[in-house]
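Since the structure comes first, as structure tokens, the remarks are kept for the end.
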Amino acid sequence: RTRASIRKLLDLAPKEAVLIRNGTEQVIPAEQLQVGDMFLVKPGAGIPTDGIIVKGRSSINEAAVTGESVPAEKQEGMKVFAATLNVDGALEVRATATFKDNSLMKMIHMVEEAQEQKGKTQAFIEKFGRKYTPAIFFISLVLIIVPPFFGIPFNDLAIRGVVLLVAAAPCALVMSTPIAVAAGIGSAGKRGILIKGGIHLENLGKTKAVAFDKTGTLTTGTPAVTDVVALNGDETAVLRIAYTVERCSDHPIARAIVKRAETDNIQPHEAVGECALPGQAATAIIGGTPWFAGRPEYFTGTTRNAETQRTIDRLRAEGKTVIFVGTQEKILGLIAMRDQVRTNAKAMIDELHTMGVATIMLTGDNGVTAKAVAADLGIDDIRADLKPEDKTAAIESLKEKYGAVVMIGDGINDAPALAKATVGVAMGTIGTDAAIEAADVALMADDLSKVPEAIAFGKKALSISNQNIVFSVAVLAILIPGALLGVLGVTLAVIFHEASELLAVGNGLRVAKR
């Protein structure tokens with residue numbers, strides 16, 4: 001049932017594609033698309049395979065692959081994926097995968113392979129079943145064959161032997177864990193959470209602490225302007241000069257300033273000689289005067305009063321990068337920026353705390369910035385200035401302290417820490433094979449809300465699995481003595497046995513429900 005529901009996602013991928021070749025359009029079976037082929041996706045149509053947009057822009061409903069209900073805005077140069085739905089604009093796309101090797105097919109294969117991998121509990125129960133079943137069969141056989149040799153009536157004990165064979169069969173016990181695991185992995189997969197085996201689902205259920213990489217995980221990885229402080233003139237004047245100076249640069253700081261100015265509808269000055277001074281500042285000549293935008297260390301010839309220094313110190317204490325805007329003689333103002341925390345990061349941290357899970361930040365960034373971000377989010381512990389090998393050591397110490405530790409990272413740079421953690425989780429890995437390989441769990445979208453959801457799946461699967469085990473053992477504890485004492489007949493034993501199986505299956509399927 002779970003596999004069938006996952007495979008139904010394939011129905012969302014169109015069976016035909018509109019191939020563009022030599023300026024003409026030709027409808028072909030989607031399976032014939034090759035890497036490099038150009039194809040057209042009309043508004044309202046499904047996307048047949050993975051590709052990169054060459055022409056056009058549109059909103060794409062990616063719920064089938066990422067679990068994200070809000071359509072994503074896409075434009076030229078951006079990736080699109082098989083079985084997603086083009087909402088409102090025509091797109092010309094260059095295929096980056098064949099139909100049989102696209103993201104959705106990989107996801108389906110991964111889920112099916114994961115359902116074959118067993119957790120420790122499931123492996124133990126199956127090992128127990130392999131020894132328990134022959135033992136019950138042997139006891140039943142003894143009850144049937146041996147009594148006549150000692151002058152004991154055959155019929156009564158023979159019937160008890162048959163009843164024991166039926167009543168003591170461990171079907172419900174053996175099914176108790178795999179049903180919950182299969183339902184959990186399948187349901188999580190449909191929501192963009194790829195769990196690569198039963199053992200990882202089980203370990204998610206034991207989670208006591210979650211460690212996060214900062215940049216690109218808790219934050220967007222892109223700086224944005226947070227403060228514009230005018231020391232001479234007004235904020236618009238400061239931003240206009242900075243925009244003029246930085247507009248030709250491709251540095252992340254420059255892009256942040258340009259984006260803010262364009263958002264505020266600010267027009268640049270007429271200028272000449274725009275250029276970047278590597279590692280120092282950017283400059284442009286405006287009205288015959290050289291203007292600069294750069295770090296405070298570059299403006300050595302200017303003076304700053306105590307109030308200005310206090311402002312700089314305050315902004316830096318908040319984990320922000322401070323940029324001066326001015327001439328060599330005068331500072332016009334300050335612009336502060338910081339890597340932006342993801343919009344749902346705080347809610348995710350709060351939810352983990354509600355679940356009783358500790359949170360830790362592991363980052364290679366400096367301590368000031370790390371503390372500022374952690375304070376915004378309410379993270380319990382911070383480890384800053386870490387190299388990759390330091391993160392691995394940190395995970396080891398956290399495991400000694402908490403037991404089961406989950407590590408969330410990008411799946412590539414954090415690969416050693418992901419491998420060392422009890423469960424490694426890679427974020428935003430749709431279409432990224434290396435990231436999926438590096439982790440035990442892959443979140444197909446950059447959606448932090450999936451982290452507590454994945455842990456909740458694990459906890460629910462573990463809880464229901466344990467319920468099934470206790471229930472199955474209790475049933476056996478009643479049926480076996482009943483069979484040996486002659487209280488149960490064959491009919492009653494069969495009814496109790498089959499009912500226990502159905503109850504175990506029904507309870508296990510509850511994992512698939514939200």
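Remarks
Residue-wise test of (1) at pLDDT 85 or above; (2) farther than 30 Å from SER187 by Cβ; (3) surrounded by 14 or more Cβ atoms within 10 Å (Cβ to Cβ).
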residue: ILE480; (1), (2), (3): no, yes, yes
residue: LEU484; (1), (2), (3): no, yes, yes
residue: LEU488; (1), (2), (3): no, yes, yes
residue: ALA499; (1), (2), (3): yes, no, no
residue: ARG510; (1), (2), (3): yes, no, yes
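- Of all residues in the stretch 365-379, those satisfying the criterion of being in contact (Cβ under 8 Å) with a residue 24 or more places away in the chain and more than 20 Å from the chain's Cα centre (by Cα) are ASP365, VAL368, THR369, ALA370, LYS371, ALA372, VAL373, ASP376, GLY378.
- The single condition among (1) under 22 Å from LYS401 (Cβ atoms); (2) in contact with a strand residue (DSSP E or B) (Cβ under 8 Å, 6 or more places away or on another chain); (3) in a helix (DSSP H, G or I) that ASP376 does not meet is (1).
- Considering the stretch 21-103, the qualifying strands (runs of 3 or more DSSP E), each wholly inside and each with 2 or more residues that are hydrophobic (A, V, I, L, M, F, W, C) and either in the same structural domain as ASP447 (by TED's automatic domain parsing) or buried (at least 23 other Cβ atoms within 10 Å of the Cβ) (or both), run over 38-41, 91-95.
Here's the yes/no breakdown for (1) more than 30 Å from ILE286 (Cα to Cα); (2) of a type in the set (A, V, I, L, M); (3) at pLDDT below 85; (4) not assigned by TED's automatic domain parsing to the domain that holds ALA419:
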{"site": "ILE159", "(1), (2), (3), (4)": "yes, yes, yes, yes"}
{"site": "HIS200", "(1), (2), (3), (4)": "yes, no, no, no"}
{"site": "LEU231", "(1), (2), (3), (4)": "no, yes, no, yes"}
{"site": "GLU235", "(1), (2), (3), (4)": "no, no, no, yes"}
{"site": "TYR243", "(1), (2), (3), (4)": "no, no, no, yes"}
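- The listed residue being out of contact with any strand residue (DSSP E or B) (no Cβ under 8 Å at 6 or more places or on another chain) and not assigned by TED's automatic domain parsing to the domain that holds GLU235, out of LYS346, LYS391, LYS371, LYS330: LYS346
- Test for CYS171: is it in contact with a strand residue (DSSP E or B) (Cβ under 7 Å, 6 or more places away or on another chain), at pLDDT below 85 and of a type in the set (A, V, I, L, M, F, W, C): no
- The set of residues from the stretch 329-373 being hydrophobic (A, V, I, L, M, F, W, C), outside any strand (DSSP E or B) and within 22 Å of GLU396 (Cβ to Cβ) comprises LEU352, VAL357, ALA370.
- Residue check: ILE349 meets all listed conditions (1) in contact (Cβ under 8 Å) with a residue 60 or more places away in the chain; (2) buried (at least 20 other Cβ atoms within 10 Å of the Cβ) but one, namely (1).
- CYS248 meets all of the listed conditions (1) modelled with pLDDT under 95; (2) under 30 Å from GLY428 (Cβ atoms) but one, namely (2).
The values are calculated or read from the model by the stated rules, or taken from the named source; none is laboratory data. Since this is a predicted model, take the numbers as computed values, not measurements. A quick note on method: Cβ atoms are made from the backbone with ideal geometry, for glycine too, and the neighbour counts reach across all protein chains shown.
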